[in-house]
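Since the structure comes first, as structure tokens, the remarks are kept for the end.
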Amino acid sequence: MNNEDNADKKGFLSAFHKFFNKIKELFVAFAKRFKDASTGTKISHFVMGFGNIKHKQILKGIIFFIVQLGFISLMVFSPEINATPFGSKSLVNLITLGTEAGDISNPTDNSMLMLLFGIVTIGMILLFVMTYFASIRSSYKADLDIREGKLPTTFKQDLQALLDERFHIAMLTPALIGILVFTLLPTIFMISIAFTNFDSLHPAGQVLFDWVGFENFVNVFNGTGEIGHRFLPVLGWTILWAFLATFSNYIGGILLALLINRKGVKGKKVWRTIFIVTIALPQFITLLAMRNLMADYGPINTFMVNIGLIDEPINFLANAASPWVARITIVVINIWIGVPFTMLMTSGILMNVPRDLYEAAQIDGATKRQAFRYITIPYVVFVTTPYLITSFIGNITNFNIIFLLTGGAPNVPGYIAGETDLLITWLYKLTIDQNEYNLGAVVGILTFIITATATLLTYTRSKSFKEEDAFQ
Amino acid sequence: MMTEAAALKPKAFKSVKKSERISNILSYGLLGVLALIWMFPIVWIILNAFRTEYNTSGQLIGIVVSHYFPTQLGLENFKLLFQETLFPRWFLNTLMVAFFTFILSTFLTLCVAYVMSKLKFKMRKRYLSVAIILGLFPGFMSMIAIYYILKALQLTQTLFALILVYSSGAGLGFYVAKGFFDIIPDSLVESGRLDGATNFQIFTKIIVPISKPIIIYTALTSFIGPWMDFIFARVILGETNVELHTVAVGLYYMMYGERIDSNVFTIFCAGCVIVAIPIVALFLMMQKYYVEGVTAGAVKG
Amino acid sequence: MKKALLILALSFTVLLAAVGCNSDNTLKIWVGSESEAFYTEKMVEYVTEYNNTHDEEFPYEVVVSGVDTGTAASTFLDDTEAGADIFTVAHDNLGKLIAGSSSIAPITSAALLAQIDADNPDSFKDVIKGTVDGTTYTFGIPYIAQSLVLYYNTSYITAEQAETWEGILAAAKAANKQALSLTGTDGFNNSFLLLATDATDHSTSLELYTDGVQENCFATGDDTIAKLKWGQSFFLDANGAKKPSESGWEVEISDEKSISVIGGAWHFSAAQAALGENLGITTLPTFTLTEDDAYGTAVAGTVYKSGSFADTKMFVMKKNSERAEYLEDILLFLSSTAVQEESFEAVQNLPAYKNAATEFEAFQEDTLEADLASAQVEMFSWGIPQPFGFSSRFNTYFYSKGAPELILAILENAENAYSTDQDIYDQMVEIQSIWTTGLKLE
């Protein structure tokens, strides 16, 4: 015990040491560079871009200077957006999430915007620090160039570099901005929400909300409230659904592709087109049609009553007697939605089965049937396994079909999450319908953990595939 | 069963003909039944779009009815769609959003995919793993946050915001295209470099010309997206300005909502048909590329 | 990467610089999308009148836009910045707007308060108020209202039969049809039994968030149990009410599977399309307890009139507006009975004005539209506004947490589990628990 503890401690300590040393090295390098640099570059440490300007890299220097000026004025003046300060004040606000409770004539601090702006400000500080070092590096590089007797790069040269050795930067920057603003920032924001009590009783701008630590997560595991009671059942159904949906589509799609690609079948293109139309149609259209066709006196029920299959209409989608009616219905409708997609994909693969495999089999005297069983099927399965796994993950977050068909019904008394709700529709209901943002965020994080685990497993698996290099 | 039938090919000449004929008939029969099942709801929508039945007081019956085949066909629903709703406006909005999304999105996707596949640089591995991780967070989770970010930028209730949001997904959704570029041999890039071409020239002169399938696939999927999405568009555009709605949002509100007038079902169907025509046409024209794209993406994972 | 970072930092700065406050001179009014044109016209009238009677020109440019009032208020309700100077909300969304410090302004103008008091039915007056920091204020000005009515097939049901459920049931038996369809499975649709009140004195033991207090719910009174017992026999009768489902009521009515349907004004067009000349409209019918239905103090022979939620839409004002005085003057005009009447004539907005049925000319005409309007206005006195505006959670507890399904289970006697009085009583205890706590009893 003690020994292990010590070993742990040692491991921890050495990691700590390493980390510390790294930081120390950074500082030393920084100090060394400062000492070595020209006066202009030295001043650049305080007035960004000064060194560049001195080295006749005027435009670059001005840009650096403007960035510094902009950043400092932002931090000092903390301008207000939607009556919420942005800048250094928002760092304090990020911790307090607002203090002014407001009354009938005065507004309440908007905790949500304070949280958002606080995160953005931290992001901007990080960006500024990086730009700061970039400016010093750039000026120092010019120092070195001069020392070596070269001319510092001109702005034009810098731009040209973007088309060649720094091409990846030019290519990635626009996408990076998009990711930063519309994915990374929102994700960090929503993760933070999971640690607050931002819910329907604390509407932003009217009631302050605050940090609550891990309370929302603890509730999941000690079975408290909506999320504690419903998480496991919803998770169970989500995973079951993902299995059923994935495999029914996969098998159905392959069978359909084989049927269409049979030698004797003529008009392959026409057949394929018939099925493909369903992919091209928006799901809110086709699923609405489905919902109406499945109504009590809709064509499907009427047909089944008429041929004597059932006595009275089945309530397919909101059958309170058993959730399995709705669940099975959804899986069946999903076959209608998804099979054409798999069919399309497998058709492509079937046409591309390497010829030499068949030829080799023929030489070995295999019958067509054997060739099919031992070559075609394994090949298709081999090639599509990654797809199988990604579509499994896709089905975990398959929103449309549940949302448009049942909306989660039948309901479970006392809870928001119904019997057919998946994690993703539950998340939607919690945030958009019920404004229980913190619970929604918790569900989102848990969904992420599940899909991430599945992906991780996939990755190790598909790596082993890649190493095998090719299908043998 | 049918898979076996597909492979069945006995040796004797006479029986070949007979059993093949039988299995062919079976295949056609099965395909026919399946096609019927698959077309049933779609034909129903189309028929309803053209249904112009009037009730005893001379009112157009716009609700769902129980008979599958209309007793009277006409173009009244389309007329109403264009006169009584803002559909033409929605259509133009969507066309605009789809057009710019497809330009921006295709451009971004190709850039990122190519860089990730063919250029080696310091942050590459890290970017890839961050992209995977970020992509796994459910999009709806950040929807609220995106709304407020757009609002802080004073962009909510604009179509521009919609274009931005749709296109910004490209930075993460580059896997299919990367799969395609991975297949292109590195030697092609190398030879370009030996000829003294810059990376930019290699990309524009060598890679782009041979990437037609993946460009078309990316363009197609990003163009179709805005026609189908009714969730993000609803949140970003809000209910406040009906004139800004896309067709998906506009049609969605016609039939899904708390207090809807269900007498507009046939008009809704007419709208659906008009929306479906360009998408289906595009889809069928580009089918070949779509298959290639999907297959490339699926196989590479 | 430094270029990328640099560009990033730059673009952020530029974006931020671009985001400035541009205070403008427009005065925004949001109304229901169907009445955008009408209120635009009215505001032109108002401004003209203002300019004629005042020394100064009306200082703002008025913009009226149409909004889906239900969703506008609910989706991003806490986002009041996006709001207009005057906007329309359904009364049951009021709670979200006044939670905590309130994001809308209380009405202070004496003239406006007096007009609200004089024009509205008592039931509406309760739901337009809210308490902030211990003081109760009036926040909303009702100007549109709606309630549920009965649409029926006149080729089977006479006007006299339509007055009672027994009459309708007899008509259904004679034709071997089902007596009633509901338009959905939610709690709004099956509320006609719960909300039924004594036909002679309007009394009921049912309490739903009285005075806006979460605990003030009572669903286990003798009369409530008796009403549900009657409802159960109505749903279980082969010719009684059809089990509700999510879609397809239009087909049920047009194919004459059932001969009446409970619906709101938004169902009118569809009901008319389904029934054509055979459409009749009236208030929700009454029912009489039989020996079997009697429970405790609710004795056989008691007559109840089915009730409905009567909703009102109201104008509210943006908080902290320096234009408050102008806004209140505009509202005085927009919610006046004269404008309500014109709005009914122009775009069929049902007035909230309590004497509309007798005073408004349009109500006296012999048209289906007038029938629909009169039936609704009459239903106001047999119904209550959905009392969920006090807290955003009441609405969730009542509609979204499965209580409606529990009521349906009683009515359909699911799995024969609700055959005895005690079973029904126990179920109502559960429902009451969900209403008050959001959770079932363990």
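The values are calculated or read from the model by the stated rules, or taken from the named source; none is laboratory data. Predicted model only: the values in this text are computed from it and were never measured. Cβ coordinates were reconstructed from backbone atoms using ideal geometry, including for glycine residues, and neighbour counts include every protein chain displayed. Accessible surface is based on the protein model in full, side chains and every heavy atom, while ligands, DNA and RNA are left aside. Shrake-Rupley method; radii C 1.70, N 1.55, O 1.52, S 1.80 Å.
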Count, please, the residues in segment C:250-275 that happen to be over 24 Å from residue C:378 (Cα atoms) and in a helix (DSSP H, G or I).
7
Cβ-Cβ distance below 7 Å, separation of 6 or more or different chains: which pairs start in segment B:107-133 with a residue that is facing another protein chain (nearest Cβ under 7 Å) and end on one that is open to solvent by 10 Å² or more (accessible area, probe 1.4 Å) and assigned to a loop (DSSP other than H, G, I, E, B)?
B:123/C:1
Out of A:149, A:213, sole residue that is over 30 Å from residue C:393 (Cα atoms), in a loop (DSSP other than H, G, I, E, B) and open to solvent by 30 Å² or more (accessible area, probe 1.4 Å):
A:149
Using the structure shown, decide if residue A:400 is polar (S, T, N, Q), within 29 Å of the chain's Cα centre (by Cα), open to solvent by 20 Å² or more (accessible area, probe 1.4 Å) and assigned by TED's automatic domain parsing to the domain that holds residue A:254.
yes
For the subset of segment C:122-162 comprising residues that are open to solvent by 20 Å² or more (accessible area, probe 1.4 Å) and in a loop (DSSP other than H, G, I, E, B), which member is farthest from the other protein chains (Cβ to nearest Cβ)?
C:160
Only residues that are within 9 Å of chain A (Cβ to nearest Cβ), of a type in the set (A, V, I, L, M, F, W, C) and more than 19 Å from the chain's Cα centre (by Cα): list them for segment B:151-169, please.
B:152, B:153
Only one of (1) more than 8 Å from chain B (Cβ to nearest Cβ); (2) open to solvent by less than 10 Å² (accessible area, probe 1.4 Å) fails for residue A:359. Which number is that?
(2)
So, in segment B:230-243, exactly how many residues are open to solvent by less than 30 Å² (accessible area, probe 1.4 Å) and either assigned to a helix (DSSP H, G or I) or farther than 18 Å from residue C:37 by Cβ (or both)?
7
If you check residue A:231 against the conditions, is it touching a strand residue (DSSP E or B) at 6+ places or on another chain (Cβ under 6 Å) and either in contact (Cβ under 8 Å) with a residue 40 or more places away in the chain or within 14 Å of chain B (Cβ to nearest Cβ) (or both)?
no
When residues of segment A:152-185 are filtered for being within 7 Å of chain B (Cβ to nearest Cβ) and either in contact (Cβ under 8 Å) with a residue 40 or more places away in the chain or loosely packed, with under 14 Cβ neighbours inside 10 Å (or both), how many remain?
1
Filtered residues of segment C:423-441 (kept if farther than 16 Å from residue A:230 by Cβ, of a type in the set (A, V, I, L, M) and in a helix (DSSP H, G or I)):
C:424, C:428, C:429, C:431
In the set C:235, C:188, which member is modelled with pLDDT of 95 or more, touching a strand residue (DSSP E or B) at 6+ places or on another chain (Cβ under 8 Å) and open to solvent by less than 30 Å² (accessible area, probe 1.4 Å)?
C:235
Exactly one of A:401, A:432 is out of contact with any Cys (no Cβ under 9 Å at 6 or more places or on another chain) and more than 21 Å from residue A:318 (Cα to Cα), and that one is A:432
Given (1) closer than 26 Å to residue A:296 by Cβ; (2) in contact (Cβ under 8 Å) with a residue 40 or more places away in the chain, number of the condition residue B:87 does not satisfy
(1)
Can you say whether residue A:66 is surrounded by fewer than 18 Cβ atoms within 10 Å (Cβ to Cβ), of a type outside the set (Phe, Trp, Tyr) and assigned by TED's automatic domain parsing to the domain that holds residue A:152, as far as the supplied structure shows?
yes
Candidate set: segment B:140-177, residues that are more than 30 Å from residue A:438 (Cβ to Cβ) and open to solvent by 30 Å² or more (accessible area, probe 1.4 Å); chosen: the one modelled with the highest pLDDT:
B:160
Could you tell me whether any residue of segment A:237-245 is within 9 Å of another protein chain (Cβ to nearest Cβ) and either part of a helix (DSSP H, G or I) or modelled with pLDDT of 90 or more (or both)?
no
Taking residue A:199 and the conditions (1) within 14 Å of chain B (Cβ to nearest Cβ); (2) among the acidic types (Asp, Glu); (3) surrounded by fewer than 15 Cβ atoms within 10 Å (Cβ to Cβ), which numbered condition does it fall short on, given that it satisfies the others?
(3)
Evaluation of residue A:95 against (1) within 14 Å of another protein chain (Cβ to nearest Cβ); (2) of a type in the set (A, V, I, L, M); (3) closer than 30 Å to residue A:203 by Cα (one fails), failing number:
(1)
Just one of C:319, C:257 is within 14 Å of chain A (Cβ to nearest Cβ), surrounded by fewer than 21 Cβ atoms within 10 Å (Cβ to Cβ) and among the basic types (Lys, Arg); which is it?
C:257
Has segment B:267-282 got at least one residue that is open to solvent by 50 Å² or more (accessible area, probe 1.4 Å), under 14 Å from the mean Cα position of the chain (by Cα) and under 21 Å from residue B:88 (Cα atoms)?
yes
Applying the selection to segment C:79-121, what residues are away from every other protein chain (no Cβ under 11 Å), in contact with a Phe, Trp or Tyr (Cβ under 8 Å, 6 or more places away or on another chain), within 19 Å of residue C:326 (Cβ to Cβ) and part of a loop (DSSP other than H, G, I, E, B)?
C:107
Considering segment C:198-218 alone, what residues qualify as being assigned to a loop (DSSP other than H, G, I, E, B), within 30 Å of residue C:258 (Cα to Cα) and in contact with a Phe, Trp or Tyr (Cβ under 7 Å, 6 or more places away or on another chain)?
C:199, C:206
Out of (1) more than 8 Å from every other protein chain (Cβ to nearest Cβ); (2) touching a residue at least 12 places away in the same chain (Cβ under 8 Å); (3) of a type outside the set (Gly, Ala, Ser), what's the single condition that is false for residue A:126?
(2)
Within segment A:378-391, residues open to solvent by 20 Å² or more (accessible area, probe 1.4 Å) and either over 30 Å from residue B:256 (Cα atoms) or modelled with pLDDT of 90 or more (or both) come out as A:378, A:379, A:381, A:382, A:385, A:387, A:388, A:389, A:390
Out of the residues in segment C:391-412 that are in a loop (DSSP other than H, G, I, E, B) and of a type outside the set (Ser, Thr, Tyr), state the one that is least open to solvent (accessible area, probe 1.4 Å).
C:402
Those residues of segment B:211-252 which are in contact with a strand residue (DSSP E or B) (Cβ under 9 Å, 6 or more places away or on another chain) and of a type outside the set (D, E, K, R), in sequence order:
B:238, B:240, B:241, B:242
